[in-house]
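Here's the structure, in structure tokens; my notes come after.
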Amino acid sequence: MNEMILDAPIIVVAIAVLLVLWITAIAMHRVDGRVTLRGLRNGALIAAALFAITVVIVTLVFNGRAVFVDRLDLAGAFELGMLVGAVVAVGYLWLGAVLIAIGLIFKSKPQWTTLGAWAAVPIIVMAGGFGYASYKSVNSDSAAASSANGSLHLALSGAQTARVSADGAATCARDADGTLTISAGTSADPHLISTDGRLISTQIVTAGNGAAPALQLEIDGVDTSGVTVASVLGASAPAGQLTLSAPTWTGTLAWSCNL
């Protein structure tokens, strides 16, 4: 979990609002130190309770769901619970402190400072926290990798290899960052066999950032140790083609994915 809960400008504005209100209340001589400290203590105790309650509820509700990509276990749900609990606790403290300052500016009674401002906002803040948890869960689900069936076509020729041609099924997977992986002939993928009976294994990884594709290619009876990608058509697209070059042969490897 290496991300900001809120954007920096929002945090700066929230702190600025809080400071302006409290500086105004102090400048107007509306702050009673004993009453204010007792009120802030009460708010901190309620915030701690809200944090604990939120962590437990969110962990139970989101346990087993994709709250983070590839995180379907209790640990992932607890991590989300800690995150949402922190949002709820800090948000509750901020809003309560803002309401206290506003009340002091408008000459509120001591009861407003010690309890009234804190009692006014827990449900609203917790509702916002659960809304954030739901957003996080749905957003992570949509960012998870998608997969689909596809097909591959290989054609190569050379003085020592003659012509090798193959058509077959493939598996395609697109990661959250846009990387597309097309595989065929590996241990978990459909077999790819040429027209003259050669077993072929290949994997193409095309990055969504425009980097050159990574290629793994093995063909029975053909030396593929020096193969390079001479050109690319449709990199990271559902359908594309690589032009291949090797010391003793040249060829093409095309794919089509149902993504």
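Scan around Ala230 for amide H atoms under 5 Å from its own, H built in the peptide plane at 1.01 Å from N, and keep only partners 5 or more places away or cross-chain.
Residues meeting the amide H criterion: Thr243, Leu244, Ser245.
Show me, for the stretch 155-170, the HN-Hα J-couplings you get by feeding each phi into the Karplus relation (A = 6.51, B = -1.76, C = 1.60, θ = phi - 60°), rounded to Hz, glycine and proline as x.
9, 8, 7, x, 4, 9, 9, 6, 9, 10, 9, 8, 10, x, 7, 9
Would you pull out the residues with amide H under 5 Å of Thr179's amide H, same chain only if 5 or more places away, H placed 1.01 Å from N?
Distant-sequence amide H within range of Thr179: Gly208.
Multiply the residue gap between Ile102 and Ala86 by 0.36 nm, knock off their C-alpha separation, and tell me the result in nm, one decimal place.
Here the segment from Ile102 to Ala86 would lengthen by 3.3 nm.
Give the accessible surface of the stretch 77-125 per residue, rounded to a whole number of Å², with probe radius 1.4 Å and ligands, DNA and RNA excluded.
Per residue, the stretch 77-125 has an accessible area of 45 Å².
Out of residues 5 or more away from Gly168 or on other chains, whose amide H comes under 5 Å of its own, with H placed 1.01 Å from N in the peptide plane?
Residues meeting the criterion, in which the H sits 1.01 Å from N, are Leu152.
Tell me, what is the per residue accessible area of the stretch 177-259 in Å², probe radius 1.4 Å?
48 Å²
Within the stretch 82-124, whose backbone N sits under 20 Å from a point 7 Å along Cα→Cβ of Ile11?
Under 20 Å, as judged by backbone N against the label point of Ile11, lie 82-98 of the stretch 82-124.
From the backbone phi of the stretch 15-24, what are the Karplus-calculated ³J(HN,Hα) couplings (6.51 cos²θ - 1.76 cosθ + 1.60, θ = phi - 60°) in whole Hz, Gly and Pro given as x?
For the stretch 15-24, the Karplus-derived couplings read 5, 4, 4, 4, 5, 4, 5, 6, 4, 5 Hz, x marking Gly and Pro.
How far apart, in nm, are the 7 Å Cα→Cβ label points at Val20 and Ser245?
6.4 nm
The values are calculated or read from the model by the stated rules, or taken from the named source; none is laboratory data. This structure is a prediction, so every number in the text was calculated from the model and none was measured. Note that we place each Cβ from the backbone using ideal geometry, even for glycine, and neighbour counts take in every protein chain shown. Surface accessibility is based on the protein's heavy atoms, side chains included, excluding ligands, DNA and RNA. Shrake-Rupley method; radii C 1.70, N 1.55, O 1.52, S 1.80 Å.
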